[in-house]
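To keep things clear, I will list the structure first and then write my remarks on it.
The values are calculated or read from the model by the stated rules, or taken from the named source; none is laboratory data. As the structure is a prediction and not an experimental result, all values here were calculated from the model. Neighbour counts are summed over all protein chains in view; Cβ atoms, including those assigned to glycine, are modelled from backbone coordinates with ideal geometry. What goes into the accessible areas is simple: the full protein's heavy atoms, side chains included, and nothing from ligands, DNA or RNA. Shrake-Rupley method; radii C 1.70, N 1.55, O 1.52, S 1.80 Å.
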Amino acid sequence: QDWMTSTWINQAVLGYAWSWPTLETLHFLALCVLLGALLIMDLRLIGFQRIIPLKAVHSLMPLALAAFSINLITGFGFLFGAKMYF
């Protein structure tokens, strides 16, 4: 845990006043996009919303992957930026 607090990621996350709120905002927005895209894909997969063409549903995949990537990156920022008390 001590090595995480000595990294440049920890310095970047905790060293600037707007870095943590920016990470929170990006994480939340990307999570909303990811869950929305997955909801549309899953509803189409189980048979609801058959009026949506498969090509349109398939075009949501890059958006979902980008949102997941943003969540992964900001999640690591939270992990490395957290103050460890244990």
### Task
Please work out the average accessible area per residue across the chain, using the 1.4 Å probe convention, and give it in Å².
75 Å²
### Task
Would you mind checking the stretch 46-76 for residues with the amide N under 11 Å from a putative spin-label position 7 Å along Cα→C-beta of LEU31?
71, 75
### Message
So, taking all protein chains as they sit and a 1.4 Å probe, how much accessible area belongs to ILE46, in Å² rounded to tens?
### Response
120 Å²
### Task
Using the Kirkwood radius over Cα pairs, work out the Stokes-Einstein diffusion coefficient for the chain at 20 °C and 1.002 mPa s, in µm²/s as a whole number.
146 µm²/s
### Task
Pick out the long, greasy-scoring helices in the chain: whole DSSP H runs spanning 18 Å or more along their own axis by Cα, mean Kyte-Doolittle at least 1.0.
19-45, 61-81
### Message
With every protein chain left in place and a probe of 1.4 Å, what is the accessible surface of PHE76, to the nearest 10 Å²?
### Response
110 Å²
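How much length is gained if the chain between ILE51 and LEU38 is pulled fully straight, taking 0.36 nm per residue apart and subtracting their Cα-Cα distance, in nm to one decimal?
Using 0.36 nm per residue and subtracting the Cα-Cα distance, I get 3.0 nm.
If you keep only loop residues by DSSP, which trypsin sites (Lys or Arg not before Pro) in the chain have at most 13 other Cβ atoms within 10 Å of their Cβ?
Here the sparse-neighbourhood loop sites are ARG50, LYS83.
Give the carbon-plus-sulfur fraction of the accessible surface of the chain in %, rounded to a whole number; probe 1.4 Å, heavy atoms of protein chains only.
Carbon with sulfur: 75 percent of the solvent-accessible area.
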